[in-house]
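For reference, the structure is listed below as structure tokens.
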Amino acid sequence: MLKSGLLTTVVIASLGSLTFATSLPETDLVWSLLAGGLAFLIPAGFTLLASGGMSEEKAVPTAMMGLAATGLALAGYLACGFALQFGGIGLVSDLPGLGGLIWEWSPLDATWGTGWGALGLKGFFLQEGADTPMAYALFFSQLPLVVTASLIPLLTLTKRAKAFVLVLGALLIAAVVYPIVGNWAWGGGWLANLGLNLELGHGFIDFAGSGMVHLLGGVTALGGILALGLRSENRQEPAKMPPVHLPLLAILGALLLLIGWLGLVFSSPLYVSNEGLSRALIAVNVVTAASGSLLVAMLYAWFTTGGADVLMAARGLAAGLIAISAACPFVPPWTALVIGAVAGLLLPLGIYLVEYLLRLDDPAAAIATHGLSGMWGLLALAIFADGRYGAGWNGIGAEEYLGIAGQGVSGYLVASGFQLGFPNQLFAQLTGIAAITIVAFALAWLFFKALDVLIKAMTKPALNPPTDG
Amino acid sequence: MLKSGLLTTVVIASLGSLTFATSLPETDLVWSLLAGGLAFLIPAGFTLLASGGMSEEKAVPTAMMGLAATGLALAGYLACGFALQFGGIGLVSDLPGLGGLIWEWSPLDATWGTGWGALGLKGFFLQEGADTPMAYALFFSQLPLVVTASLIPLLTLTKRAKAFVLVLGALLIAAVVYPIVGNWAWGGGWLANLGLNLELGHGFIDFAGSGMVHLLGGVTALGGILALGLRSENRQEPAKMPPVHLPLLAILGALLLLIGWLGLVFSSPLYVSNEGLSRALIAVNVVTAASGSLLVAMLYAWFTTGGADVLMAARGLAAGLIAISAACPFVPPWTALVIGAVAGLLLPLGIYLVEYLLRLDDPAAAIATHGLSGMWGLLALAIFADGRYGAGWNGIGAEEYLGIAGQGVSGYLVASGFQLGFPNQLFAQLTGIAAITIVAFALAWLFFKALDVLIKAMTKPALNPPTDG
Amino acid sequence: MLKSGLLTTVVIASLGSLTFATSLPETDLVWSLLAGGLAFLIPAGFTLLASGGMSEEKAVPTAMMGLAATGLALAGYLACGFALQFGGIGLVSDLPGLGGLIWEWSPLDATWGTGWGALGLKGFFLQEGADTPMAYALFFSQLPLVVTASLIPLLTLTKRAKAFVLVLGALLIAAVVYPIVGNWAWGGGWLANLGLNLELGHGFIDFAGSGMVHLLGGVTALGGILALGLRSENRQEPAKMPPVHLPLLAILGALLLLIGWLGLVFSSPLYVSNEGLSRALIAVNVVTAASGSLLVAMLYAWFTTGGADVLMAARGLAAGLIAISAACPFVPPWTALVIGAVAGLLLPLGIYLVEYLLRLDDPAAAIATHGLSGMWGLLALAIFADGRYGAGWNGIGAEEYLGIAGQGVSGYLVASGFQLGFPNQLFAQLTGIAAITIVAFALAWLFFKALDVLIKAMTKPALNPPTDG
């Protein structure tokens, strides 16, 4: 029984709490679809990047997992995930065709007011209210993201767990984990409404998945690694260079990521007609951050090891893209360079922490690349958003914000003439980080631990004592 | 002498027999061009996928054939193919700039009425009536398709026939075979007019090439294989896993196919302004079918061999894309999942049939992947088209269809409120399948047989008895 | 002190000297951004193509250089290059948002008139006048070009010079060399104004980088090779086929180039609304030239060596793309086939010249592929431009040209009804070729020579006699 939390009766009250355009020309929809197609280079790129860094016997199974995740995530998100994430999007968006998706469940009593939604419940299998072109477009634009979120833990856990466990894990992420936090941040849920409800800046903001995809993916991987237990042997291995053909594929993967990202940031139909953004600035920031991160990671490896490290450079490019995703529409280009550079520094430090201090077995460097960069990207928004763009985001400040007409999403280093959005925006970002981390870690750890125990229990009857793997 | 079949005098009568927009903003043309550029990932993807499944000594020659086919098909289609396919398109389309392409030859007397066109005869070398932006755009949008059709047989016949035979074969396909059936289905020829002339539903429908490209390519490959003779040796070989680097390229190829397909379905300027379609539904169906096919093929291999089969999974993804091409604008997403799943099941069964029962030498699995999936896709349209989209397609039912206003392309499982389009649409599809199969098989078999005989005759004078290869 | 050359006072006089649209819908800007994203496949493709042709021990460092160049070029162009290239673009364009970029330095006294600009001086770090969406878009559209220009010499000089020398070289190209000639041709400088000032046709024209990127890159590579000294050993090496996996990546690289180029030609916001061009013709010419060049290079290798040469075919495709870049909007498709075919013939002849006659060490074939094809492309425009398109280009002939209303860019083989633009357009192209060659060679030779001498001087104090490398 869902008690009192259904928001179907409060449609009008919450309309306009996100800044979505009223009408959307079909032409605009087409380029959002093309951009979404290009964004499928992202899972392809991560698959190549991860396989390229593996030892020879793990490269193919890892790439196979990347391919499998593509199929699994699509199926899981079609059947269930989309409904959980966007089942209530019609409550906050007035885009044509989303009017049927108005079932958002909230754990809080209606007296708390609207905007505490925690889960959508409409549109399973893209039926019942989700059979409109706009809902199809919204579904489609999420696919590269949900596939990526699913494959991050798979790429690093290949061969650590049985294949069917990983397959089920990918389904779980696409059907449940990603949609839950996705609902909170993008589907009209409580994280997006932290601004309206608690006056925390513009509420939690993650434009293109720093948190929703990469922090989530990195934390999920961490949960899986911890649940499956530490391994102490072959610790020297990672220092060895992999054979010749794999670095080339890793480099290709990194370059494909860059191109895919330039599609991703234009793929959401929710932002297609948002006139408060500069699309050119978004594109510039994406490449600038990638460049800064690549250079710092490359130079760090150069100065510490005396030579070029292909994997570090390639992962550096990825880290910059991940870090800039949250804030790319809201910061000026020179800060994108800084955000990227910091991500490029955090990457080798994070890998050192994970590999040598914590001694975790993370061959695809999911924790450092995805988790750390994603978290930094969410925080960076609260520092560098300069107030020029995003007025009205998450329903905050369409007319004026902090007393300034036209001020948009703001952090600490605002442009002249604007008011500091600090520390309120930071609190919103920290709340989001905590929420994502807790949900993703808990679900992942429980899932992998439960299946691990189950499998060991089932293999016990055999006379031999239980062994790992 | 072309007797009485020239349709140049019946322009007005046949206008409107296809649903094309009157005006087309330049902006729309640009994204059709961008989408067409992205669609060149398809021949690139198939080249990687085929090479990745080859033994080491065949991988490079096969990829080289993929590259050569790109150049050959473009040249052949420029010189001759476009004119044969679209030389009469001006008779059925009122798009600006196609008015000069009005020479469609028909074998039937004019008393049979219009719509029995079999071949266009204008626009060779993109001159004379084909020197307009719209004709250029139409030409360009066909290139990824014609390149793909040409390389399908090449990829599987590499090393079976001499290189110059394959090169001539690719030219033949691009300049003659593909354009002939392409005229029938897309250039205003008789297959498209089966609805108008014989009341077979909306006439033969193949939105993005299930039949025109893949059934044609698969059947052409079959014709070549049979003409060149069976080989009985090294039958055990295919079971061996290829060396490590090739599976990664096969996986990359499959993922590039997915992205290319998302460009392909938006690349035709003929459908750019068609308001009867939902472009978002098309994109969703493409990825959904790919997912379903990938999963079923992967699971089939898993259950039958006990392990993951990279090639089967990668080809599975391709099979789903091929199968959904015909019907993607006309079916709801859950049926796209079914269409893909069936394609994913037909694939291993087809490979077993070809490899072990028929003992044909088809190393790129062209017959099972392209031929079988393409045929299934054409049939699936007649089953799953639900009537919601495509009103007025091929000149049928712009006002009402089967007595229902607004009903579009319909098969057996129509949405509630619509009338069954079964079995008439099925008859149209079966007619198309028969026509493509007969033309493609006959031309391919004759060509390869004739050259095989010729070469053997020319090598006879040497004292040694003639040998294969 | 910049004496008298500042053109900030002559804004009005020079307005309209380039044909730019007054208004630009945001929608159009988006597809220029998407096209620009796709164009990043070009540096990725060249990286694969070059690595694929290397010996095993050079493949990975070469690819690493390709990755590094991406980061370096972006940083250098952001900090300095954009300001040098487009700091005065506001003087010649009336696109909204470029009005702040009006500082163009000229070495000539103001009495010479306007249009002798040689360097922009505004917009460093995308600040001060360059912080508008349109300036961001213009910056972004140059990135694939500047990255490509930077990596051409790096790909061929890897392992010849120390890594930090190459890194500095890439920065120099992106921050200074490319922007200087870029200013002259595209930023409102003197090469573009050769038509207005000296009546040389439409002034120097290079639509998409035959000269600005590839002639420049090839000449820079030549300068570096000569500065670093000839090597006489291991001259037999290049004839040996590289190991199996590399040709596949070279082929993939070539196919990615084709797709990237189809983005590149649509990526510049300066031409987005230019109604005097046919975008479909541009796309058709790009693929047609690629096809012609691929076929000729492939057949040449076939006839001379008796077998397929993967690298020659792949580089042939690239050469065709490079050659058609300058003239793709201005020539009919059949001449694009000719332009490509000539490029495909020049390629093996050029490689023979460089490798066997001049005995230069150019493992990525930068001189023949980029330099020669680029130069040919610039000349080809003066031969094949047929007058149908580009009226008003570089401020010439918006009303009439050579007495014919509506005549556009014209060379020797004009369409019927138009006047010959020969030899004036040829003189403009030759002037541009000379300017690019001199600047690029001088700066590259001086840079690599100076650092070479410096490094040898610094390593002298060690007792051993100085040695190379």
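The values are calculated or read from the model by the stated rules, or taken from the named source; none is laboratory data. Here the structure is a predicted model, which is why all the values come from computation and not from measurement. Virtual Cβ from ideal backbone geometry, glycine too; neighbours counted across all protein chains shown. Surface areas here come from the heavy atoms of the whole protein model, side chains and all, with no ligands, DNA or RNA. Shrake-Rupley method; radii C 1.70, N 1.55, O 1.52, S 1.80 Å.
General observations
- Candidate set: region C:306-343, residues that are over 21 Å from the mean Cα position of the chain (by Cα) and in a loop (DSSP other than H, G, I, E, B); chosen: the one nearest to C:ASP362 (Cα to Cα): C:ASP309
- Scanning region A:29-68 for residues that are of a type in the set (S, T, N, Q) and more than 26 Å from C:SER32 (Cα to Cα) gives A:THR47, A:SER51, A:SER55, A:THR62.
- Qualifying positions in region A:392-433 - open to solvent by 20 Å² or more (accessible area, probe 1.4 Å), more than 23 Å from the chain's Cα centre (by Cα) and among the small types (Gly, Ala, Ser): A:ALA398, A:GLY403, A:ALA405, A:GLY406, A:ALA415, A:SER416, A:GLY417
- Failed condition for B:THR111, given (1) part of a helix (DSSP H, G or I); (2) at pLDDT 85 or above: (2)
- Residues of region B:343-356 that are within 27 Å of B:TYR412 (Cα to Cα) and without any contact (Cβ under 8 Å) to a residue 40 or more places away in the chain: B:LEU346, B:LEU349, B:GLY350.
- Of all residues making up region C:51-63, the number that are in a helix (DSSP H, G or I), touching a helix residue (DSSP H, G or I) at 6+ places or on another chain (Cβ under 6 Å) and open to solvent by 10 Å² or more (accessible area, probe 1.4 Å): 1
- B:PRO238 being surrounded by fewer than 24 Cβ atoms within 10 Å (Cβ to Cβ), modelled with pLDDT under 85, out of contact with any Gly (no Cβ under 8 Å at 6 or more places or on another chain) and part of a loop (DSSP other than H, G, I, E, B): no
- Filter pass, A:LEU24 being at pLDDT below 80, away from chain B (no Cβ under 12 Å) and crowded, with 19+ Cβ neighbours inside 10 Å: no
- For the condition crowded, with 24+ Cβ neighbours inside 10 Å, within 21 Å of C:LEU262 (Cβ to Cβ) and without any contact (Cβ under 8 Å) to a residue 40 or more places away in the chain, C:ALA280 qualifies.
- Note on region C:434-459: residues that are touching a Pro at 6+ places or on another chain (Cβ under 6 Å) and either open to solvent by less than 40 Å² (accessible area, probe 1.4 Å) or not in a helix (DSSP H, G or I) (or both) amount to 0.
- Enumeration of residues in region C:317-361 that are aromatic (Phe, Trp, Tyr) and within 23 Å of B:MET64 (Cβ to Cβ): C:TYR352
- Within region B:391-404, the set of residues being in a helix (DSSP H, G or I) and either on the phi > 0 side of the Ramachandran plot or β-branched (Val, Ile, Thr) (or both) comprises B:ASN394, B:GLY395.
- Condition check for C:SER268 on (1) at the interface with chain B (Cβ under 7 Å from one of its Cβ atoms); (2) at pLDDT below 90; (3) open to solvent by 10 Å² or more (accessible area, probe 1.4 Å): one failure, at (1).
- For region A:373-383, the tally of residues that are open to solvent by 10 Å² or more (accessible area, probe 1.4 Å) and either among the small types (Gly, Ala, Ser) or within 12 Å of the chain's Cα centre (by Cα) (or both) stands at 1.
- In region C:104-114, the residues that are in contact with a helix residue (DSSP H, G or I) (Cβ under 6 Å, 6 or more places away or on another chain) and open to solvent by 10 Å² or more (accessible area, probe 1.4 Å): C:THR114
- Members of region B:186-210 that are open to solvent by 10 Å² or more (accessible area, probe 1.4 Å), closer than 22 Å to B:VAL147 by Cβ and not in a loop (DSSP other than H, G, I, E, B): B:TRP186
- Which listed residue is within 17 Å of B:LEU252 (Cα to Cα) and in contact with a helix residue (DSSP H, G or I) (Cβ under 8 Å, 6 or more places away or on another chain), from B:GLY99, B:GLY71, B:GLY90, B:GLY66: B:GLY66
- Looking only at residues of region A:211-235 that are small (Gly, Ala, Ser) and open to solvent by less than 50 Å² (accessible area, probe 1.4 Å), we find that the one that is modelled with the lowest pLDDT is A:GLY229.
- Tally, over region C:283-308, of residues that are within 15 Å of B:LEU126 (Cα to Cα) and either facing chain B (nearest Cβ under 8 Å) or open to solvent by 10 Å² or more (accessible area, probe 1.4 Å) (or both): 4
- When C:SER150, C:SER141 are checked against the criterion of being open to solvent by less than 10 Å² (accessible area, probe 1.4 Å), outside any loop (DSSP other than H, G, I, E, B), modelled with pLDDT of 90 or more and under 22 Å from C:ILE455 (Cβ atoms), C:SER150 stands alone in meeting it.
- Test: residue in region A:144-164 that is away from every other protein chain (no Cβ under 14 Å), closer than 24 Å to A:THR62 by Cβ and β-branched (Val, Ile, Thr): yes
- Meets criteria (within 18 Å of the chain's Cα centre (by Cα), modelled with pLDDT of 80 or more, part of a helix (DSSP H, G or I) and not β-branched (Val, Ile, Thr)) for C:GLY263: yes
- Residues located in region B:405-433, provided they are part of a strand (DSSP E or B) and at pLDDT 90 or above: B:SER410
- Test: residue in region B:116-128 that is assigned to a helix (DSSP H, G or I), within 11 Å of chain C (Cβ to nearest Cβ), open to solvent by 10 Å² or more (accessible area, probe 1.4 Å) and not hydrophobic (A, V, I, L, M, F, W, C): no
- Number of positions in region A:323-347 that are more than 16 Å from A:ALA382 (Cα to Cα) and open to solvent by less than 10 Å² (accessible area, probe 1.4 Å): 2
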